[in-house]
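Trainee: Questions regarding the structure given below will be posed in turn.
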Amino acid sequence: MGPVVVAERRRAPAGLPLPRVVASTAHELGEGRLEPGIPNGRPQKLLQIDISGAPPNLLGRLLVGSYITGQDQVIITARHGLTPTQRREIHRAVERIFGMSVVGETPAYVEVQSFIDPGKYELPRLIHRVVQLLKGEIQACRAALAEKEGAPLPSLAAAEEEVDRLYLLMVRQLLLSSDNPRIARNIDVENHHYQLGDRLVAKVLEVTGDLVHGIGRELEGNLAGIRRMPRPLLREIARRVERLEALLVRSMDAFGHLSIVEANATLNILTALLPNDASFGQAICRRVRERKVAVAAQRIVYNIDMALEMLIIVNEVTINRSVEPEPLERSATRVSVSEARLPRASRASHTAIAILGHSPRPSLESEA
């Protein structure tokens, strides 16, 4: 297997015709249409990837890495030309990345361009959209569990793909904001101390999306059998799904308001719940005779518990943030645990409102 070479392009290799550097970006007009534009204070970044001898799946992961690290134009080549499998891998990766498109394709290379301005969306609005998607997925699961007879559970795949795209966009913006004050201002994360915590929360939401999607898959494949489970077990699973939604909203509310008292109270609930949940999985084994249904129900319970573990991280980030330099400066280095919420910068006051979906500002969908 030959080496995989990833290098910033300095000059075209001898005898290989490559496209010239793109000097402009584009703005989304909706329905897949793009309008050419001028880079706003940030030079275009160009990366060439030589995938000669690349193992499976590495190319798609390199494209994701190039996107989140801010490479605007990526030229993909191979020593003896790209194979159909490699071209399919490129297109699959590009389809799941918001603002990335294949803009040129020849026997010698594939050219990929990232069009979206990394400072276009404020981070609280992206978080808001992800939380709304997660709530919608959880509510669909709740509705499926509540129905005795009725329509099948709608597929949650589209919502999960959107969560993944928004997660990559959030990481891209946060990484680029660490080196660019303009981007940091535009996305409302000017303090570099916040950027690490925000990246962690973004990852938590992405993992939570995977877990909720897993719950939906188990319900889709085993819904009739799960509805035949003993009523107390079915009601308990439904209650746990409902509780997950409530604790997600509560955790993100505390994070948005920087409410350390609320975060602490939610942590107390979570740490009391999780040690007691193991016995429920054992009860499912004892009382559900259909092995396939029992396994599906156990996976649902496991995913719920793992999602609650993710929420522990969100609340810990909220509490840790209260003793970072910026909040301490605004509170004269004093943290009062009797105060539900700590002072925040004026622009950040939109954060909690946006996260919970009550912001009068235009939604992300209206601009995408």
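The values are calculated or read from the model by the stated rules, or taken from the named source; none is laboratory data. This one's a predicted model, so the numbers in the text were calculated from it and none came from an experiment. For neighbour counting, all protein chains shown are included, and Cβ atoms are generated from backbone atoms with ideal geometry for every residue, glycine included.
Trainee: Test of understanding: among Val301, Val241, Val293, Val261, which residue is at pLDDT 90 or above and under 20 Å from Val130 (Cα atoms)?
Mentor: Within the list Val301, Val241, Val293, Val261, the selection yields Val241.
Trainee: Consider Gln195 carefully, then state whether it is over 9 Å from the mean Cα position of the chain (by Cα), assigned to a helix (DSSP H, G or I), surrounded by fewer than 22 Cβ atoms within 10 Å (Cβ to Cβ) and not aliphatic (A, V, I, L, M).
Mentor: Working: over 9 Å from the mean Cα position of the chain (by Cα): yes; assigned to a helix (DSSP H, G or I): yes; surrounded by fewer than 22 Cβ atoms within 10 Å (Cβ to Cβ): yes; not aliphatic (A, V, I, L, M): yes.
When the stated conditions are applied, Gln195 passes them.
Trainee: Take the residues in the range 145-162 that are within 30 Å of Arg87 (Cβ to Cβ) and surrounded by fewer than 23 Cβ atoms within 10 Å (Cβ to Cβ), then tell me which one is farthest from the chain's Cα centre (by Cα).
Mentor: Ranking the qualifying residues of the range 145-162, first place goes to Ser155.
Trainee: Just need a number here: residues in the range 91-134 that are in a helix (DSSP H, G or I) and either over 30 Å from Gly256 (Cβ atoms) or out of contact with any helix residue (DSSP H, G or I) (no Cβ under 8 Å at 6 or more places or on another chain) (or both).
Mentor: Going residue by residue through the range 91-134, those that are in a helix (DSSP H, G or I) are 91-95, 123-134.
Checking which are either over 30 Å from Gly256 (Cβ atoms) or out of contact with any helix residue (DSSP H, G or I) (no Cβ under 8 Å at 6 or more places or on another chain) (or both) leaves us with 91-95, 132.
Result for the range 91-134: 6.
Trainee: Also, I was wondering about something else. Of these, Arg129, Arg142, Arg87, Arg92, which one is among the basic types (Lys, Arg), surrounded by 14 or more Cβ atoms within 10 Å (Cβ to Cβ) and assigned by TED's automatic domain parsing to the domain that holds Gln44?
Mentor: Within the list Arg129, Arg142, Arg87, Arg92, the selection yields Arg87.
Trainee: Just to be sure I understand, how many residues within the range 245-267 are in a helix (DSSP H, G or I) and either of a type in the set (Ser, Thr, Tyr) or under 16 Å from Gln298 (Cα atoms) (or both)? Show your work before the answer.
Mentor: First, pick out the residues of the range 245-267 that are in a helix (DSSP H, G or I): 245-257, 260-267.
Cutting the leftovers down to either of a type in the set (Ser, Thr, Tyr) or under 16 Å from Gln298 (Cα atoms) (or both) gives us 251, 266.
Number of matching residues: 2.
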